[in-house]
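A short write-up of the structure that comes next.
The values are calculated or read from the model by the stated rules, or taken from the named source; none is laboratory data. Keep in mind it's a predicted model, so treat the numbers as computed, not measured. Note that we place each Cβ from the backbone using ideal geometry, even for glycine, and neighbour counts take in every protein chain shown. Note: accessible area is taken over every heavy atom of the protein model, side chains too, but ligands, DNA and RNA are not part of it. Shrake-Rupley method; radii C 1.70, N 1.55, O 1.52, S 1.80 Å.
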Amino acid sequence: MSGTVAVLGGGAWGTALACVARRAGRPVRIWVRNAQAAEAIAAGSNPGRLPGVALERGIAASTDLAEVLSGADFALLAVPAQVLRSVAEAAAPVLPDGLPVAICAKGIERGTLKRMSEVLAEALPAARACVFSGPTFAAEVARGLPTAITLAAEDQDAAARIQAGVGSGTLRAYLSDDPVGAELGGAIKNVIALAAGIATGRGLGENARAALVSRGLAEMVRLSVAEGGRAETLMGLAGAGDLILTAMSETSRNTSFGIAVGEGRRIGEVLTARRAVTEGYWSAQAVAALAARAGVDMPITQMVNAILDQKLDVDAAIAQLMERPTASEFRS
């Protein structure tokens, strides 16, 4: 297993995945946008995105996409969801035909309402797409703490190649043939985590947060099934596992963002103060629109979107959720 792994994206997640591949014994090249970040990663740190984390040695970093992708065994595409299309388009002229590419972003593209694999199919048709999802905080992955993820693809040979290239004593990758469920689970859980954070910031208690997470999981299942995914996928790492991690920890960017909103801070100010991308903020509108298009009732998602669009204040949104007619738990 000596083939080079190409990582596209020098943020916290891309850097953590580069460490994963090095820990698995692979040569690694990572593409980053600026030379200063490339120098820092090559020297063993990424202070802007993973402060205090010592990176695995031997990671080669470059601002040249062609250099990073040349001769790669597979690629890990770890850029934010809303810029995935532009990066994929830039990579298209230099990507080897048939290269397995694992999508490591979790989101729905605004405007088009496309999943990341659909975006990749349009922007990078030569790639053999896989979906990398599950409960993962980048800093813990970079430090080599135990982690398990889902690697989903219709092309199981491509997924198996990536599985062999990232698996190690600290990371277990489980294969799935349901990329739709894995993608939608990863995207929707960020929105539900915002809701959980808002409830926490508003001081609504642990009961309310648990209810939001549980009912949020039901929303994840409904939309995923409507779009062609399987309910069982949402009960695994890419659904319930990821939701539990993201919605129940204040370390989560989405939950901490929601807490700030629940406390009454201005949304624009919270966004401006953050360097890292809060995917739930950028995906809420798209997930709500996708649900409306599919005719799927997702009241928590709709309320989060209304709060972020400043069409409802937090208290009014909570009141609307609590005043909804009750029905059978597993039919509503």
Using only the Cα atoms of region 130-227, build the gyration tensor, take square roots of its eigenvalues as a ≥ b ≥ c, and label the shape rounded, prolate or oblate: rounded if a/c is under 1.5, else prolate if a/b is larger than b/c, else oblate.
oblate
Check every DSSP H run in the chain and write down those whose alpha carbon atoms cover 18 angstrom or more along the long axis and whose mean Kyte-Doolittle hydropathy is 0.0 or greater.
179-201, 206-226, 279-294
Calculate the dipole size of region 29-184 relative to its Cα centre from +1 charges on Lys and Arg beta carbons and -1 charges on Asp and Glu beta carbons; express the result in debye to the nearest 20.
500
Inverse of <1/r> over all distinct C-alpha pairs of region 69-120, i.e. the Kirkwood Rh in Å, gives 11.4
Listed residue (SER45, LEU84, GLY144) projecting farthest to the positive dipole end of region 26-150, Cβ model:
GLY144
What translational diffusion coefficient, in µm²/s and rounded to a whole number, does the Stokes-Einstein relation yield for region 153-295 at 37 °C and a viscosity of 0.692 mPa s, taking the hydrodynamic radius as the Kirkwood radius over Cα pairs?
206
Under the rule rounded for a/c under 1.5, else prolate if a/b exceeds b/c, else oblate, using alpha carbon gyration tensor axes a ≥ b ≥ c, region 10-134 is classed as prolate
Among ALA240, ALA210, ALA12, the residue with the largest mean-square fluctuation in a Gaussian network model of the chain built from Cα contacts under 10 Å is ALA210
If you place +1 on the Cβ of every Lys and Arg, -1 on the Cβ of every Asp and Glu, and leave all else neutral, what size is the dipole of the chain about its Cα centre, to the nearest 20 Debye?
560
Here the gain from full extension of GLU269 to ASN34, 0.36 nm per residue of separation minus their alpha-carbon distance, amounts to 82.0 nm
Just grab the label-to-label distance for ALA92 and ALA292, each label 7 Å out from Cα along the Cβ direction, in nm (one decimal).
3.0
How much mean residue ellipticity at 222 nm does the chain get from its helices, if each DSSP H run of length 4 or more adds -39500 (n - 2.57) and you divide by all residues, to the nearest 500 deg cm²/dmol?
-14500 deg cm²/dmol
How large is the dipole of region 60-114 about the Cα centre if only Lys and Arg carry +1 and Asp and Glu carry -1, each at its Cβ, rounded to the nearest 20 debye?
380
Return the lysines within reach of LYS106: Cα separation strictly under 23 angstrom, same-chain partners fewer than 8 residues apart disregarded; answer none if there are no such residues.
LYS114, LYS189
Sort 287-295, 102-110, 189-197 by the packing proxy (mean of other Cβ within 10 Å over each peptide's residues), most packed first.
189-197, 102-110, 287-295
With a cut-off of at most 16 other beta carbons within 10 Å, and DSSP calling the residue loop, which GluC sites (Glu not before Pro) in region 219-289 qualify? Please list them.
GLU250, GLU263
Could you point to the label whose value was computed as Cα extents along the principal axes in Å for the structure here, given [x] 65, 48, 36; [y] 58, 38, 35; [z] 57, 43, 42?
[y]
Based on the alpha-carbon gyration tensor of region 87-144 and its eigenvalue square roots a ≥ b ≥ c, which shape applies: rounded if a/c is under 1.5, prolate if not and a/b is larger than b/c, or oblate?
oblate
Expressed in square angstrom to the nearest 10, the accessible area of THR326 with a 1.4 Å probe stands at 130
If you average the sequence gap of Cα pairs under 8 Å that are 6 or more apart and divide by the length of region 1-115, what percent do you get for the contact order?
27
For the chain the mean separation of alpha carbon contacts under 8 Å (6+ apart) over residue count, i.e. relative contact order in percent, is 15
Give me the extension gain from LEU175 to SER214: residue separation times 0.36 nm, minus the current Cα-Cα distance, reported in nm with one decimal.
11.5 nm
